[in-house]
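In what follows, a structure is listed as structure tokens, so that the remarks can point back to it.
A short reminder: the numbers here are calculations on the coordinates, not readings from a lab. The structure presented is a predicted model; accordingly, all values stated were derived computationally and were not measured. Glycine gets a Cβ as well: all are built from the backbone with ideal geometry, and neighbour counts include every protein chain shown.
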Amino acid sequence: MPVAPAARTARALPPAAPFAGRPSRSERLALALVRRARLVLVLAALAVAAAAPFAWNVASHMSSGGFADAGAEAARADAALARGAGPGVPNLVLVAAAPRPVDDPGVRGDGAAFARRVAALAGAGTPVTSYWDGGGPALRSRDGRTALVALRLRGGEDERRRAARKLVPRVTGRHGALRVSAAGAEAAGLAAQDLSERDLRRSELMSLAPTFALLALVFGGLVAGALPAVVGAAAVTGTLALLRPLAELTPVSLYAVNLTTALGLGLAIDYGLILLTRYREEVDGGRGRDAAVVAATLAAGRTIAFSAVTVALSLSAMLVFPLYFLRSFAYAGIAVVALAGIAALTVLPALLAVLGPRVDAFALRRTRRPRVDAFAPIGDRRPRGPGAFWERLATAVMRRPWPVALGVGALLAALALPFAGVSFGLIDDRVLPPSSPVHQASQELRRGFDTREPVASAVLPGLDPRRDAARLAAYAAALSRVEGVDRVETGPGRTAWAAVRSRVEPYSDAGTRLVAALRAVPAPGGALVGGPAARLADTRAAVADRLPWALLIIGTATAALVFLLTGGVLLAAKAPAVGLLSLGASFGAVVHVFQEGRLRWLVGDFVVTGMTDLTVPVLMFCVAFGLSMDYEIFLLARIVECRAASGDTARAVAAGLRHTGRPVTSAAAVVAIVFAAFAASGLTLLKVLGAGLALAVVLDATLVRGLLVPAVMRLAGEANWWAPAPLRRALPGAGGAPRRR
């Protein structure tokens, strides 16, 4: 389908005056930024300096949990067990290996002394069970050379974590003939927290050189390339400072620090590129430097504001979930998006005003570009100069939109196919790298011992374990008849309880089916069923219940914002739809690599569990969808502007891609480098997020924005801009309505 040429109707660049007539409020604000640029920079520097002490070491005040619904039945049952209602599962297990059998007199003496030392260090309120103090043969390995000392640390998550941090270094290592290592939930949480902090620093160092090299290349010089780093540093510092007091009021996941750094720098690059690109266009068009700053701020400010609101709303959808792991990313994401937008619209114009021509100092390429009429007829000339490749690409795509749209859609759908086989689970110690001592100790527990954590535990608050022993025994017998149950144990406690043991993997579909069957067994006085399998079942239910609300928030908010920007109902519906395609492809890659264990060499060594953590797709969706809409807003804003000037959709699409293709792909490349550095982490969770988000960003900025969007918009033609009459009357100046001349 050829694209018909049309007559030239407008110049690519505005007139030389910053504005005509009486300045508007936004124009006065932009002028004030330029005239008081040094004051703005001083105030910004003081604000960052004041925030820095609160941002320092913020990760040590955060938590490493939050992957389960704290208000669900499983959480209430586990809390009752932790309070002494029954056989609470040990959350810290010390694995003591010896060169001789643990029943050897010398080893037994060292073991008994070690157990007494652990009990003394843990305190009187902490239950400690040791093989050498009557813990039973279940605490001895099959080969007889390893024994266990199990502890149940009391208190809330943060209190248990602090106790473990003090205790673990003092009880691991060499103790006589014993070599002791730590396992269990608290040891795994500590190791994950420490590894996350180390990997954050390492990923920053790994991505530092390539990021700044690419920034200097993309922005055209060393000075210009440093501008987004300044904006990003201000946004990240401010966000971390806000998270510090928030962590004192509510649990905040330490992984939110990783997102804050990556997203803050990524958005700073996006916003910096769009404003600096516009500034250089204004200068090349003949404006003075100060006038160019004002004009660029006015032109880019609306786009940046729309983008920031869109990304923030996408991230806010995670607030509906009861898992504080997900809510933490919403806290951090909304804050860093807001601060990045504010810094881009205040600090960056002030820097441009103060630097003036020095912004192009140490240039790596020529920064004076030829003037280009973006609205020249397509097809009557060969595009040259900056962005010419993207214009030629858009023109070629719009000549054959059906093959391109169908081909790209089929490719993305094929990449998404592995996600159909996803199996959801929750993270455990296997999130740690194989080289981790905690992971190795946990694997020793799995391989060498007959005892395993109960798949589920039922707490019966309506029964007295002494007076209602017969009713408790009858209930335990009924549980034992459930398919998949090996045995059921009961015993003394503050309330009645029953522990169910099974060979079923707790974090699996079979585990959740077993929990459903156990909960269906009538319990005298009612029962709360907890344990690992129940945590997975309840977390799945919580996510499934809230997911429609999250999707509704994201879909409605982004569609509404795109409509406000473009005035087109079809464009408002198309924007989230095409964003989903790149996300589906990245979801398929995550399952293919991390759940199925294929192409592992791409991301380094990790433990294949055959499951995908339940929170990963939700987190990836909200973050990647927000970034996808970020790029969509950049492209559509320029297309709307070009169509308003030219009156032709096809030429506006080509011109819009010409102006935004290079900045968007360049920004996406830098963001992908930052996220890809997370894939080098030893934590599987960060590997998954880093690799998945990097792939989603690359696919969206190339296949989707470069090929699919131009093809779909060409097929829709003028229908892109259609809206019902009431909406059109409510937004008379919205969208791509051409200017009346």
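Averaged over residues, the count of other Cβ atoms within 10 Å places the peptides 678-688, 192-202, 710-720 in the sequence 678-688, 710-720, 192-202, highest first.
Axis angle, to the nearest 10 degrees, between helix 684-699 and the longest C-alpha principal axis of the chain: 20 degrees. Amide H to amide H distances under 5 Å link Leu463 with Ala496, where only residues 5 or more positions off or on other chains count and H is placed in the peptide plane.
A crude spin-label estimate for the pair Arg117 and Asn57, with each label 7 Å from Cα along the Cβ direction, gives 2.8 nm.
Taking amide H as placed 1.01 Å from N in the peptide plane, the amide H of Ala456 sits under 5 Å from that of Val500, each at least 5 places away or on another chain. Could you derive backbone 3J(HN,Hα) for the stretch 217-229 from the dihedral phi with the Karplus parameters 6.51, -1.76 and 1.60 (θ = phi - 60°), listing whole Hz in sequence and x where the residue is Gly or Pro? After applying 6.51 cos²θ - 1.76 cosθ + 1.60, I find 5, 5, 7, x, x, 5, 5, 4, x, 7, 4, x, 5 Hz.
If each DSSP helix of 4+ residues adds -39,500 (n - 2.57) and the sum is divided by the residues in the chain, what number results at 222 nm, nearest 500 deg cm²/dmol? Display every interim value, and only then the final one.
On the way: 22 runs with 436 residues, N = 741.
Calculated at 222 nm, the ellipticity per residue is -20000 deg cm²/dmol.
Backbone amide hydrogens, once placed in the peptide plane, bring Phe424 within less than 5 Å of Thr612, excluding anything fewer than 5 places away on its chain. The calculated FRET efficiency for Arg100 paired with Glu453, based on their beta-carbon distance and R0 = 30 Å, is about 0.60. Compute the long axis of helix 569-590 from its Cα atoms, compare it with the longest principal axis of the Cα atoms of the chain, and write down the angle in degrees, 0 to 90, nearest 10. Around 40 degrees separate the two axes.
Cβ neighbours within 10 Å, averaged per peptide: list 270-276, 593-599, 246-252 in order, most packed at the top. Could the numbers behind the result be given before it?
On the way: 270-276: 27.4, 593-599: 18.1, 246-252: 16.0.
Output ranking for 270-276, 593-599, 246-252: 270-276, 593-599, 246-252.
Principal axis extents of the C-alpha atoms in the stretch 242-366 (largest first, rounded to whole Å): 55, 27, 24. Compared with the dominant principal axis of the Cα atoms in the chain, helix 324-355 is inclined by about 30°.
Projecting the Cα atoms of Pro99, Gly155, Ala177 onto the dipole axis of the stretch 91-183, where Lys and Arg carry +1 and Asp and Glu carry -1 at the beta carbon, places Gly155 farthest toward the positive end.
Spacing of the modelled spin labels on Arg174 and Ala560, each 7 Å from Cα toward Cβ, amounts to 6.6 nm.
Farthest toward the positive end of the dipole of the chain, out of Tyr331, Thr512, Val397, is the Cα of Val397, where the dipole comes from beta carbon charges about the Cα centre.
Take the Cβ-Cβ distance between Ala516 and Ala138 as r, set R0 to 30 Å, and report the resulting FRET efficiency rounded to the nearest 0.05.
On the way: r = 28 Å, r/R0 = 0.94.
About 0.60, to the nearest 0.05.
Per the Debye formula with a single identical scatterer at each Cα and no solvent contribution, what log10 I(q)/I(0) holds for the chain at q = 0.06, 0.10, 0.12 Å⁻¹? Debye curve over Cα of the chain, log10 I(q)/I(0) at q = 0.06, 0.10, 0.12 Å⁻¹: -0.44, -0.99, -1.28. Contact order for the stretch 423-515, expressed relative to its length and based on alpha carbon pairs under 8 Å spaced 6+ residues apart, stands at 31 percent. Built from the Cα atoms of the stretch 454-530, the convex hull projects on average onto 4.3 nm², one quarter of its surface area. In this simple spin-label model, placing a label point 7 Å from the Cα along the Cα-to-Cβ direction at both Arg28 and Arg289 gives a separation of 2.7 nm.
Once you keep just the Cα pairs under 8 angstrom separated by 6 or more residues, what percentage relative contact order results for the chain? Reported relative contact order: 20 percent.
Here the stretch 91-183 is treated as a Stokes sphere of Kirkwood radius computed over C-alpha pairs; at 37 °C and 0.692 mPa s its diffusion coefficient rounds to 249 µm²/s.
Under 10 °C and 1.306 mPa s, how fast does the stretch 639-694 diffuse according to Stokes-Einstein, given a Kirkwood radius computed over C-alpha pairs? Answer in µm²/s, whole number.
Estimated diffusion coefficient is 121 µm²/s.
From most to least packed by mean Cβ count within 10 Å, the peptides 181-188, 219-226, 400-407 give 181-188, 219-226, 400-407. Phi angles across the stretch 413-428 convert, under the Karplus curve 6.51 cos²θ - 1.76 cosθ + 1.60 with θ = phi - 60°, into 3J(HN,Hα) values of 5, 5, 5, 7, 4, x, 5, 5, x, 5, 10, 8, x, 10, 6, 9 Hz, Gly and Pro given as x. The mean sequence separation of alpha-carbon pairs under 8 Å and at least six residues apart, normalised by the residue count of the stretch 91-183, gives a relative contact order of 45 percent. In the stretch 23-40, whose amide N lies under 15 Å from the spot 7 Å out along Cα-to-Cβ of Ala50? List them in ranges. Hits in the stretch 23-40 for Ala50 at 15 Å: 40.
In order along the stretch 527-544, phi translates into HN-Hα couplings of 9, 10, 9, x, x, x, 5, 5, 4, 5, 4, 5, 5, 4, 5, 5, 5, 5 Hz, rounded to whole numbers, per the Karplus curve 6.51 cos²θ - 1.76 cosθ + 1.60 with θ = phi - 60° and x for Gly and Pro.
About the Cα centre, and with charges only on the beta carbon of Lys, Arg (+1) and Asp, Glu (-1), how big is the dipole of the stretch 454-530? Nearest 20 debye, please.
Working: 10 positive and 7 negative charges, 40 e Å.
That gives the stretch 454-530 a dipole magnitude of about 200 debye.
With 10 angstrom as the radius, rank Ser314, Ser646 by how many other C-beta atoms surround their C-beta, starting from the fewest.
Working: Ser314 31, Ser646 25.
In order of increasing Cβ crowding within 10 Å: Ser646, Ser314.
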